Amino acid sequence: SQELEQSPQSLIVQEGKNLTINCTSSKTLYGLYWYKQKYGEGLIFLMMLQKGGEEKSHEKITAKLDEKKQQSSLHITASQPSHAGIYLCGADWGGADGLTFGKGTHLIIQP
Amino acid sequence: NAGVTQTPKFQVLKTGQSMTLQCAQDMNHNSMYWYRQDPGMGLRLIYYSASEGTTDKGEVPNGYNVSRLNKREFSLRLESAAPSQTSVYFCASSQGGVQEKLFFGSGTQLSVL
């Protein structure tokens, strides 16, 4: 079966520290999407990666897709309280049936 | 900028009752999706509609029906609600399928007692 594993499940980080969230696919990805969800709200698109080795950045968040297109990482530099929430990766495996999402990483930023 | 609008935001049902969750998008998107989000399970696809006039089952379709009323609207119906359907439901849309990013509504929190 197709699987998408996200780690860690939860993360508590002191404000100002860096952190990394990982997403691993059981098969080659057509695309990998990162979303953020604030508690009680919908998902907000962060970044989309499609090419092996691709790296994208937005403000203090950088996402990378490995050369084999089976693993992605999301890195936050100098974390801030506004970064708190649930981060989800979504996999496009080439079907028409929407993205398959990881179970999410709950990020808490401690002051 | 409405984007994807879901109604209602909250709903409590008794086992066996029926209800319809409404979703509308104003971005002229072709594809629409219904997901449910449960603790420890992440987001799971219930049904999707790749284009107006078509609907297909996702990962967890049992107990649900959908209607793509027109290009804008995609509704999700629970004919006989069960406690296992207690969840947060999200509607999403995209321009041309999953190769383009999904836009999500703010969710419907449903409790079935």
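Bear in mind these aren't lab numbers, they're just calculated from the coordinates by the rules spelled out. Only a predicted model underlies this, so the values are computations on that prediction, with no experimental measurement involved. Every residue, glycine as well, gets a Cβ built from its backbone with ideal geometry; the counts of neighbours run over all protein chains shown.
Values for this structure:
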{"read-out": "A:Phe45-B:Phe10 pseudo-label distance in nm [points 7 Å out on the Cα-to-Cβ vector]", "value": "3.1 nm"}
{"read-out": "Cα-based Rg / Dmax (Å) for the range B:32-113", "value": "12.3, 38"}
{"read-out": "Charged-residue dipole, Cβ positions (Lys, Arg, Asp, Glu), the range B:52-113 about Cα centre, Debye nearest 20", "value": "120 debye"}
{"read-out": "Among A:Gly90, A:Gly52, A:Gly98: highest mean-square fluctuation, GNM of chain A, C-alpha pairs under 10 Å", "value": "A:Gly98"}
{"read-out": "Theoretical FRET efficiency, 1/(1+(r/R0)^6), r = Cβ-Cβ of A:Gln9 and A:Gln110, R0 25 Å, to 0.05", "value": "0.90"}
{"read-out": "Inter-site label distance for B:Thr20 and A:Thr62 at 7 Å from Cα along Cβ, in nm", "value": "5.0 nm"}
{"read-out": "Listed residue (B:Gln95, B:Ser51, B:Leu21) projecting farthest to the positive dipole end of chain B, Cβ model", "value": "B:Leu21"}
{"read-out": "At q = 0.13 Å⁻¹, base-10 log of I(q)/I(0) for the protein assembly as shown (Debye sum, equal scatterers on each alpha carbon)", "value": "-0.75"}
{"read-out": "Cut-off under 5 Å, modelled amide H: who pairs with B:Thr86 long-range", "value": "B:Val112"}
{"read-out": "Part-to-part distance (alpha-carbon centres) for the range B:68-108 and the range A:8-81, which is given in Å", "value": "24 Å"}
{"read-out": "Distance (nanometres) between label positions extended 7 Å along Cα→Cβ at B:Ser111 and B:Glu52", "value": "3.9 nm"}
{"read-out": "Amide N of the range B:1-29 lying under 13 Å from the label point, which is placed 7 angstrom from the Cα of B:Arg77 along Cα→Cβ", "value": "B:18-22"}
{"read-out": "Per-pair calculated FRET efficiency, R0 = 45 Å: A:Asn18 and B:Asn65 via Cβ, rounded to 0.05", "value": "0.45"}
{"read-out": "Beta bridge orientation in chain B: antiparallel %, DSSP, nearest 5", "value": "90 percent"}
{"read-out": "Cβ charges +1 (Lys, Arg) and -1 (Asp, Glu), total dipole of the protein assembly as shown, debye", "value": "220 debye"}
